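The values are calculated or read from the model by the stated rules, or taken from the named source; none is laboratory data. What you are looking at is a predicted structure, and each value in this text was computed from that prediction instead of being measured. Neighbour counts are summed over all protein chains in view; Cβ atoms, including those assigned to glycine, are modelled from backbone coordinates with ideal geometry. These area figures cover heavy atoms from the full protein model, side chains too; ligands, DNA and RNA do not enter into them. Shrake-Rupley method; radii C 1.70, N 1.55, O 1.52, S 1.80 Å.
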Amino acid sequence: MTPLATELAPDLATKASAWRPPAIAARLSAGLHGLRTLRWYRVAVPLLLLALWEGSARMGWVSASLLPAPSRVLAMLGSWMFSTTEAAGDITGHWLKDAAASSFRVLTGYLVAVVSATTLGVAIGWWRRVEHTIEPTLQLLRPIPPVSWIPLAIIWFGIADRPAIFLVFLASFFPILLNTIHGVKSTDRNLIRAARMMGATQYQILRYVVIPAALPSIFAGMRISIGIAWMLTVTAEMVAVKSGIGYVLWDSYYFLRYDLVIAAMIIGVLGLASDAIVKAIMNRVLHWQHGTTLQGNRP
């Protein structure tokens, strides 16, 4: 055996022993235990809060008329979703219809905001003349709360889907716009210089260098906006629309049906699903980031 082999033999023996079947089984067991622990921590706090809420309501510490127990809320939610009787009133079995109406308003206003905000944001970030011409007006409109547009939206569009779509558009537009401008302006100048040295035109630089570099910021704005879109949809449905989950929530408040009010707050699940869809699209489009950023596997 050569001196080098003699020197490396203990290290190789140690590595070989680590890959014996017992060692592999132990590592797999530790990994599975870590996954189970992680899942437990994810649900521990919500389960604890639900248990405290249920116990407080059943023991009379909290008035059931003001804060119904989770079991009562779940029963009402089940009737709203699946029941075919009239026990829960005229909303029985109508959850899918209400959720579809709200989802349509969110999707329509959100998509219009995505297209218009990204287009305008790229123009403002890339062309200085466009920035000086348009951005002051946009910055003047941006601080106006979207809910303050509700009276005008009702006057302009009436009581239907269009005022809610308009409000969703307003609420979703500015986060996407600002993140797009930031992404375009944050493009590395060295990348642009390299593209110009290779003979790229301005259009090619914009398409193949600037927009891909701005995509992480654009998707960040899109994820922020999808949550705001759901919030504004519920607000608009309370006052400007006669259907949807927000309308059911406000109508239930008038009739003191607080179990249904809380059940309507399950709209957060729809917001979570929407964010998951946007995140999945982001991960698919930005697949090139997975090996170089924390978007990929984390320790």
Any pair with Cβ under 6 angstrom, 6 or more apart, that starts in the stretch 100-117 at a residue that is closer than 19 Å to Gly268 by Cβ and ends at one that is hydroxyl-bearing (Ser, Thr, Tyr) and surrounded by 24 or more Cβ atoms within 10 Å (Cβ to Cβ): Ser102/Thr233; Arg105/Thr233; Val106/Thr233; Tyr110/Ser172
If you check every pair at least six apart or on different chains, which have Cβ atoms under 6 Å apart with a residue in the stretch 181-204 that is more than 17 Å from Gly125 (Cα to Cα) first and a residue that is open to solvent by 100 Å² or more (accessible area, probe 1.4 Å) and modelled with pLDDT of 90 or more second? none
Considering only residues that are open to solvent by 40 Å² or more (accessible area, probe 1.4 Å) and assigned to a helix (DSSP H, G or I), which ones fall in the stretch 147-165? Val147, Ser148, Trp149, Pro151, Leu152, Ile154, Ile155, Trp156, Phe157, Asp161, Arg162
All but one of (1) open to solvent by 30 Å² or more (accessible area, probe 1.4 Å); (2) closer than 19 Å to Leu140 by Cβ hold for Asn190; which doesn't? (2)
Is it the case that Val239 is over 23 Å from Ala75 (Cβ atoms) and open to solvent by 40 Å² or more (accessible area, probe 1.4 Å)? yes
Identity of the residue in the stretch 117-144, in contact with a Phe, Trp or Tyr (Cβ under 8 Å, 6 or more places away or on another chain) and open to solvent by less than 40 Å² (accessible area, probe 1.4 Å), that ends up nearest to Leu215 (Cα to Cα): Ala117
Considering the stretch 172-192, residues that are closer than 13 Å to Ser116 by Cβ and hydrophobic (A, V, I, L, M, F, W, C), and then whichever is nearest to the chain's Cα centre (by Cα), we arrive at Ile176
Criterion: modelled with pLDDT of 75 or more, closer than 30 Å to Trp230 by Cα, surrounded by fewer than 11 Cβ atoms within 10 Å (Cβ to Cβ) and under 28 Å from the mean Cα position of the chain (by Cα) - qualifying residue of Ala44, Ala99, Ala75, Ala51: Ala44
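Residue-by-condition table, conditions (1) in contact with a Leu (Cβ under 8 Å, 6 or more places away or on another chain); (2) modelled with pLDDT under 90; (3) not in a helix (DSSP H, G or I):
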position: Ile91; (1), (2), (3): yes, yes, yes
position: Phe104; (1), (2), (3): no, no, no
position: Ala117; (1), (2), (3): yes, no, no
position: Arg129; (1), (2), (3): no, no, no
position: Glu135; (1), (2), (3): no, yes, no
position: Gln139; (1), (2), (3): no, yes, no
position: Leu167; (1), (2), (3): yes, no, no
position: Leu177; (1), (2), (3): yes, no, no
